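These notes are about the structure you will find just below.
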Amino acid sequence: SKLVGDVEFGGRLIPYDEFVAPAFMAVSAMNGAIFESTMNIFGKLKQQRLYDSVLSTPLGPMDVVLGEIGFSMLRGLVYSVAFLISMGAMGLVGSWWMLLAIPVCSLIGFAFSAVGMAATTFMRSWEDTEYVNSVQLPLFLFSATFFPVASYGDWAWVAQLSPLYHGVAIIRSLNAASFGIEIVGHVAVLVAISLVGITVAARRIRRLLLP
């Protein structure tokens, strides 16, 4: 923080560590959700064949998808709550509005869980799970996590394509108590991603496991 100095956000200067910490909280929600909704679900789907047994009951593909996505979201939420506690201990919580970051992290986790499970249904072997890291790392590095989106210049639109960017923007605004109508847009993007992921995952589970 001392090497970088203060960063302008919301019309005022804030310490760099206070700027970065909310982004890491969003990243922790993403990581927990992705880990659970890809590797673990792939094992249940392809090796354990767990869902074949589940679908022989009155439960349907959408029940399976919502249950797994919900659990993956919970893992991401646990990660992010632990990070929020660490932020509080280090004095990096800038506003009581950060309490709302908990439901926001639930939404981030839900969105990434939905996309992660949908993507997992297309994986053919464990080697395909390597693609998860190939996607996850660029999201971490290029979602305005370390720098304001304006610092990307003409490439700012690339960062704004990232689902993580929208989560980072919301939590960063909460921590700085700086709000604008753009938050509605960020939430709408995450909700839309969640709905698309759920729909694709349910259809793929139905196609793969039901005659």
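The values are calculated or read from the model by the stated rules, or taken from the named source; none is laboratory data. Predicted model, so just to flag it, every value in this text is computed and none were measured. Please note: Cβ atoms are built from the backbone with ideal geometry, for glycine as well, and neighbour counts cover all protein chains shown. Accessible surface is based on the protein model in full, side chains and every heavy atom, while ligands, DNA and RNA are left aside. Shrake-Rupley method; radii C 1.70, N 1.55, O 1.52, S 1.80 Å.
Test of understanding: among 75, 49, which residue is open to solvent by 20 Å² or more (accessible area, probe 1.4 Å) and in contact with a helix residue (DSSP H, G or I) (Cβ under 6 Å, 6 or more places away or on another chain)?
75
Return the total of residues in the range 101-158 being among the polar types (S, T, N, Q) and either over 17 Å from the mean Cα position of the chain (by Cα) or exposed (fewer than 14 other Cβ atoms within 10 Å of the Cβ) (or both). The qualifying residues number 6. Please determine, by comparing only the residues of the range 52-72 that are among the charged types (D, E, K, R) and open to solvent by 40 Å² or more (accessible area, probe 1.4 Å), which one is farthest from residue 194 (Cα to Cα). Among those residues, the one meeting the criterion is 52.
Summed over the range 131-147, residues that are within 15 Å of residue 160 (Cα to Cα) and either of a type outside the set (S, T, N, Q) or free of Cβ contacts under 8 Å to residues at least 24 places away in the same chain (or both) total 8.
Candidates in the range 196-211 are the residues that are open to solvent by 100 Å² or more (accessible area, probe 1.4 Å) and either of a type in the set (S, T, N, Q) or touching a residue at least 40 places away in the same chain (Cβ under 8 Å) (or both); of these, the one that is farthest from residue 116 (Cα to Cα) is 206. If you go through the range 166-195 and keep only what is hydroxyl-bearing (Ser, Thr, Tyr) and over 17 Å from residue 116 (Cα atoms), you end up with 173, 178.
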